[in-house]
Every structure is written in C-alpha cells, then in structure tokens.
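All remarks here apply to the structure that follows.
Readers should treat all values here as calculations from the given coordinates under stated rules, not as data from a laboratory. No experiment lies behind these values; they were computed from the predicted model shown. As a convention, Cβ positions derive from the backbone with ideal geometry for all residues, glycine included, and neighbour counts pool all protein chains shown.
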C-alpha cells in the first residue's frame, strides 16, 4: 500500500495543526478530518481510517484530557510520537488589512496563547471558535472584512487566506506532542478503565515499530497507604527513567484516579519485568504504546 492510500483521521478541519503533524509523520497520507475526537477513534475502530494522529499534550496548556481518556477506553496502540512547534498567525481574507480587523476567531487555547497580541491591540476582540483551521475556513468562506482568525500557516494555504502577522504566540517555545495510533488486532470494544478487572496483555507485539525506546502506560492502584510508592518502585528497582507521570479522574468512578506514565525503555526484558511486577501491585495496567521517542 502506498502512503498516499493510507487514510489518517484527525480531529479538526483540514489545515489544522493535526493535519500538519499527520503529514510530517506519514508524508502524502490521505487526511480524514473529523468534527469530534470520538469520531477519530471510531474511524480507527471501524477500519475506515488506517490510523489517527491526535494531539495529546501541549507544552503550555498541558494534557488533552479527552484523548487521554480515549486511549484507555479504546483498543488502540501508540506507534509514534511527534513534536510540532506551534506558530500562531493572524489570517484574514486576501483583501483585508490589519487596520480593519475588529474581531479574531480561534480555538480558546490559541487565543489564550496570544495574550500579548490582544494587549497590544485592545480594539480587537478575541472570539472563541471550535477550531483554529475552522476559524480560518469560516472567515474566508463568509468574506468577513472586519474579522481575522488565528491558526497555523497550513490553514492559510488550505483556504487561500492572507497572513497579516506571523508568529503572534506569546511563547516561542510552544510545542504540541502528537501520537500516531492504530487499532489493536483481534479485539472488540474495550470497557477500558470502567472495569475493575485486571487488564490482560494486549496483542500489540507486531505493532511495535523498529527503534522503539519509549513506553506509555496507564494503571490504577487501590486507595491504600503506599500503593503508589510500590507501583513506582517497580521502575526504580530496574533503573528505568520516567519521563512523565500524571493522574486523571477515572470515568464512572468518582474520586478514583488513573495514573499515566511514560518511561524511557522499549520492549526489552527490564521493561517487561517491570510491567509484570506492576500488575502484581496495581488493580489494572494497560500498555498504551511502545514507540521511538521524538
């Protein structure tokens, strides 16, 4: 199969940062835009998309909560990660000048990351919109003369918009981490974190790419003294470095939490032993992916 035949689902419109990340990870892939995140995962589950590219974490805004939850709830596997530098641009219809702009549409996170621009231009009102690229699409399609949008340069190219001002983000070290995910073979819909049974090891071995040296997992421990300490000790005992640990509320179980951990090992003996040990002390463990570190 040629890469151009591979359909990759993204959340958002064509021209979005997810679109840009997908083309960086799988050049010449066919990008399938989806209105909602759950539709992205549904397409992978049904096989109408061979893979998906999802943002999982921004260096300023933090974790994309819905995607973290869906990684646990669905039978998917992370095969790659990619770090995209986020450059926000002020984009308008070709005939519009900056002096005419009175409103700017964009996703709330993008608006929040461009506070300095709005402080310097108090006449311009920030207006939340569902998507960065979608805001450009709307402004151009409607021919708005007093309105611009904030998005990446891909959106300007996709919808023939004019970049009035480039690089208006406050922090130039603004990155988003994306995952490439595929469907796990041979399994139906998962009950995910809502079940208290122990997760069996999924059949992911053939999905592990060459050069994989990083692993993402999710696990839950009992609410007893020392439970988290015992869970993390399985990595310390084997000199395995954790690059991230985060807790999130467990859907359907108020005041219970799932821990998300990234550690810097691939599918080697030390990592497998650590996971076996973790299953002895945790209520459930799910391997979300094993992939080359970006």
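Brief remarks follow.
- None of 234, 285 is touching a helix residue (DSSP H, G or I) at 6+ places or on another chain (Cβ under 6 Å), in a strand (DSSP E or B) and more than 18 Å from residue 65 (Cα to Cα) except 285.
- Which listed residue, of 239, 267, is exposed (fewer than 15 other Cβ atoms within 10 Å of the Cβ) and either in contact (Cβ under 8 Å) with a residue 60 or more places away in the chain or over 19 Å from residue 71 (Cα atoms) (or both): 239
- Some residue of segment 42-51 being surrounded by 20 or more Cβ atoms within 10 Å (Cβ to Cβ), touching a helix residue (DSSP H, G or I) at 6+ places or on another chain (Cβ under 6 Å) and touching a residue at least 60 places away in the same chain (Cβ under 8 Å): no
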